[in-house]
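Below you'll find the structure, written out as structure tokens, and then a few comments.
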Amino acid sequence: MSKKCINCNHLNPSDIFYCEKCNFPFEETSYNKSVKIFLFFKEKKIPLKNKTYVIGRGDMADINISDKYMSMRHAELKVLSSHVTLKDLKSKNGTFIDKIKIDDHNPIKLFKNNVFYCGKTKFEIKST
């Protein structure tokens, strides 16, 4: 049985944790209601609830960050009871998960220990 990478569609052996072609991780982040989820960036820690957050440098963003490389509405972070997704909102400089640029068409599930970037700002999602 093989694993198909959701990032590049490469078929991988079932016993590996990262795609052989693009190095995208396979281990899914899964949360239950007793787990608390936090967003870490620029030495800040924000508790996340089950809702959708817009990350950007504009006043319309839920998570407003001063980063000249970030669009006003750069990315969308959706926290659900079972997982967290990230979607680029047609930003000028793109959104990256573990240094891989994501497209602006489909939300991407975040995995344990993923790091993502909007502009030059590094984000991490951690749970307790």
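The values are calculated or read from the model by the stated rules, or taken from the named source; none is laboratory data. Everything numeric in this text was worked out from a predicted model, so none of it was measured. Note that each Cβ is placed from the backbone with ideal geometry, even for glycine, and that neighbours are counted across all protein chains shown. In case anyone asks, the SASA skips ligands and DNA or RNA and just uses the protein heavy atoms, side chains included. Shrake-Rupley method; radii C 1.70, N 1.55, O 1.52, S 1.80 Å.
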ASN64-HIS105 pseudo-label distance in nm [points 7 Å out on the Cα-to-Cβ vector]: 3.4 nm
Estimated vicinal HN-Hα couplings, Hz - region 106-120 in sequence order (Karplus 6.51, -1.76, 1.60; Gly, Pro = x): 10, x, 10, 5, 8, 10, 4, 6, 5, 10, 10, 10, 10, x, 9
Karplus (6.51, -1.76, 1.60) ³J(HN,Hα), θ = phi - 60°, over region 81-98, in Hz, Gly and Pro reported as x: 5, 9, 6, 10, 10, 10, 9, 6, 9, 6, 5, 5, 9, x, 10, 10, 10, 6
Accessible surface, per residue, of region 47-98 when the full set of protein chains is kept, probe 1.4 Å, Å²: 52 Å²
Under-5 Å amide H pairs with MET70, H placed in peptide plane, nonlocal only: LYS120
For region 33-78: rounded, prolate or oblate by the Cα gyration tensor [a/c cutoff 1.5]: oblate
For ASP104, distant residues with modelled amide H under 5 Å away: none
Set LYS3/LYS44; LYS42/LYS112; LYS42/LYS90 screened for pairs whose C-alpha atoms are more than 31 Å apart: LYS3/LYS44
Residue-by-residue Karplus 3J(HN,Hα) for region 64-77, coefficients 6.51, -1.76, 1.60, Hz, glycine and proline x: 9, 10, 7, 8, 5, 8, 9, 6, 4, 10, 8, 8, 10, 10
Three-way shape label, the chain, alpha-carbon gyration tensor, a/c 1.5: oblate
Carbon and sulfur %, accessible surface of the chain computed with the full protein complex present, 1.4 Å: 48 percent
